[in-house]
Amino acid sequence: MSAEAPQATLRAGTAEDLEAVVALQLASWRDAYRGLLPDAYLDGALADDLVAKWRGKLIDSPDPRALLLVAESPAGVLSGFFYAAEETPGDASAYLDNLHVRPELRGQGLGEGLMRAAVPMLQARGYSGMHLLVFAENAAAVRFYQRLGGRIAARAVEDLMGHAAETYRIVWPDWRAVAQ
């Protein structure tokens, strides 16, 4: 993590982190996606959707190549997390499904630290690259990923938990920009 990053300990996430991961993603989406997704969804059904999503990923059918990397404050509070897995069996490129940092900690280097720490772990799982989808309107996130070497490969309208959203597919064909 950068010199400005808040103090945090990185560790492998487990099924025991389910509640904290859901709570952090819920807070992150409610903060960052207000105006991009319907308020009624953010303030209502999103919570149940996230519980179901994470229960599937962490308990019901975990992907053996998935990586959940969590950052905890010295008090044991989840400060951020990174989750990547394969979209289809045998993928060479890991799908970065989630990168979230507590809203009040954004811009302090924690997300970058999680990304950099994840690269060798993903390589050890057999991945040679990484990709993600990001809201096209989320300019700060797009800039963040581009600063770490991500390149916009495509633009599309995707179904995001039942809501149409214009997205960019960002790819990392070369890990070096992230790992430095």
Complete set of residues in the stretch 49-79 that are β-branched (V, I, T), farther than 28 Å from Q123 by Cβ and either surrounded by 14 or more Cβ atoms within 10 Å (Cβ to Cβ) or at pLDDT 95 or above (or both): V51
Residues of the stretch 49-81 that turn out to be in contact (Cβ under 8 Å) with a residue 24 or more places away in the chain and of a type in the set (S, T, Y), as a count: 2
From A84, A179, residue being surrounded by 14 or more Cβ atoms within 10 Å (Cβ to Cβ), out of contact with any Ser or Thr (no Cβ under 8 Å at 6 or more places or on another chain) and closer than 19 Å to L50 by Cβ: A84
Members of the stretch 60-79 found to be more than 23 Å from T9 (Cβ to Cβ) and either of a type in the set (F, W, Y) or not in a loop (DSSP other than H, G, I, E, B) (or both), listed by number: D60
Residue within the stretch 26-42 that is modelled with pLDDT of 95 or more, aliphatic (A, V, I, L, M) and not in a helix (DSSP H, G or I) present: no
Criterion violated by A154 - all others in (1) over 22 Å from A40 (Cα atoms); (2) hydrophobic (A, V, I, L, M, F, W, C); (3) buried (at least 18 other Cβ atoms within 10 Å of the Cβ) satisfied: (3)
Condition met for S93 (polar (S, T, N, Q), closer than 27 Å to T9 by Cβ and touching a residue at least 40 places away in the same chain (Cβ under 8 Å)): no
Some residue of the stretch 56-77 being hydroxyl-bearing (S, T, Y) and under 19 Å from V178 (Cα atoms): no
Residue, surrounded by the most Cβ atoms within 10 Å (Cβ to Cβ), within the stretch 38-48, restricted to residues that are more than 10 Å from L26 (Cβ to Cβ) and in contact (Cβ under 8 Å) with a residue 40 or more places away in the chain: Y41
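The values are calculated or read from the model by the stated rules, or taken from the named source; none is laboratory data. Please read these numbers as outputs of a predicted model, since none were measured by experiment. Backbone-built Cβ (ideal geometry, glycine too); neighbour counts: all protein chains shown.
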